[in-house]
Amino acid sequence: MAVRIVTDSTADLPRQLVKELGIAIVPIYVRFGEEVYRDQVDISEDEFYQRLENTKVHPSTVQPGPQDFLEVYRKVSPKADGIVSIHISGKLSGTCNSALMAKDMLGTGCPVEVVDSEAVSMGLGLIVIVAATMAKRGESIDKIVKEVKKTIPKIHLLALFDTLKYLLLGGRIGKAKALLGSILNVKPMLSLKDGEVVPAGQARTRAKGTDKLFEFGQNAVKIQDLAVVHSTTPDEAQNLAERLGSVFDQKQIKIARVGPSLGVHMGPGALIVVTREG
């Protein structure tokens, strides 16, 4: 038996990686009015963005409840030495709290360690990949948790937005409110600090914003892993990954897509670079 890794759908992990590494995903709920969908289970990325741009009802997200986590823990625990459950920053969602409650409900049969990643999207995803790779090698739960906690401060993320409208509507704007007075005709850029969304400047055009994303990757120190994430512009993400091939092996760059649960807040046109430094 081995340790099993659980995360939530805000990790934006490519499906093939999830399958290869045996990662269990607890979906966030996306609500359009009275209709509720499980992220990437009941609604795909294409369906979500089409609906986001063509409906007057702005969607909202609902964190998974303890019961959602309990079902997953019960499903994986019979064939596990332990569970490491790694989730979106506690400053952005109450998902970790639900996981902790489910841990108590599960009881003492299988040890569960819940970790707040202080990250989101492939920032969380790269941390989960580290844990899942170790689990696949047969490492102990204590060793995996220790490495995950060492990895958290090595994750760096920069995001280019077409607009802050969706972040504002979703109520997740945090300290990035400082940008609101100056977003006319510019592209806002955001980062994460201590698990919270913070302003990271702005670009006058999308091309210049993409250049800043490239420079962010170019200036990273001792890159161990790199991801490019997009919401609705796959060609742009591919082109950026090709440019970043000058600083990191392009074959190793992970290209992912912002799923519905984060798309509620990021909207179409979001582009992100995430690095894991050594």
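We did not get these values from a lab; they are worked out from the coordinates using the rules stated. In this text, all values refer to a predicted model and were calculated from it rather than measured experimentally. Glycine also receives a Cβ, built like all others from the backbone with ideal geometry; neighbour counts cover every protein chain displayed.
The length gained by stretching the chain between S246 and L17 to full extension, at 0.36 nm per residue less their Cα-Cα distance, is 80.1 nm. Relative to the longest principal Cα axis of the chain, at what angle does helix 45-54 sit, 0 to 90 degrees, rounded to 10? Tilt relative to the chain: about 40 degrees. In the chain, which longest range has no trypsin sites (Lys or Arg not before Pro) that are both DSSP loop (not H, G, I, E or B) and surrounded by at most 12 other Cβ atoms within 10 Å? Answer from the scan: 57-136. For the chain, place one equal point scatterer on every Cα, skip the solvent, and apply the Debye formula. What is log10 of I(q)/I(0) at q = 0.09, 0.12, 0.14 Å⁻¹? One equal scatterer on each Cα of the chain leads to -0.39, -0.71, -0.96.
Nearest 0.05, what FRET efficiency do Q238 and M105 give at R0 = 41 Å with Cβ-Cβ as r? Rounded to the nearest 0.05, the efficiency is 0.40. Based on the Kirkwood radius over alpha-carbon pairs, what value in µm²/s does the Stokes-Einstein equation return for the translational diffusion coefficient of region 108-165 at 25 °C and 0.890 mPa s? Value of D from the Cα-based Kirkwood radius: 191 µm²/s.
Computed over the chain, the per-residue total of -39500 (n - 2.57) for DSSP H runs of n ≥ 4 gives a 222 nm mean residue ellipticity of -11000 deg cm²/dmol, rounded to 500. What nm value, rounded to one decimal, do you get for the distance between T163 and K79 when each label is placed 7 Å out toward the C-beta? Taking the two extended label points, one gets 4.7 nm.
Applying a DSSP loop filter and a limit of 11 other Cβ atoms within 10 Å to the GluC sites (Glu not before Pro) in region 112-145 leaves nothing. Using equal-weight Cα scatterers in the Debye expression, the normalised intensity of region 58-131 in log10 at q = 0.21 Å⁻¹ is -0.93.
Each semi-axis of the equivalent ellipsoid for region 74-171 is √(5λ) with λ an eigenvalue of the Cα gyration tensor; in descending order they amount to 28, 17, 10 Å. With a ≥ b ≥ c the root eigenvalues of the C-alpha gyration tensor of region 2-152, is it rounded (a/c under 1.5), prolate (a/b larger than b/c) or oblate? Cα axes put region 2-152 in the prolate bin. Decide, for region 154-277, between rounded, prolate and oblate: order the square roots of the alpha carbon gyration tensor eigenvalues as a ≥ b ≥ c, take rounded if a/c falls under 1.5, and otherwise choose prolate if a/b is larger than b/c, else oblate. Here region 154-277 falls in the prolate category. Enter the Cα centre distance for the pair region 188-237 and region 40-78, rounded to the nearest angstrom. Here the answer is 25 Å between Cα centres. Within region 222-237, name every residue whose backbone N is under 19 Å away from a label modeled 7 Å from Cα of D211 along the Cβ vector. Inside the label zone: 236-237.
Annotation note: GluC sites (Glu not before Pro) in region 1-103 located in DSSP loop regions with a Cβ neighbour count of at most 12 within 10 Å are E34. Counted over region 2-152, the DSSP beta bridges are approximately 35% antiparallel.
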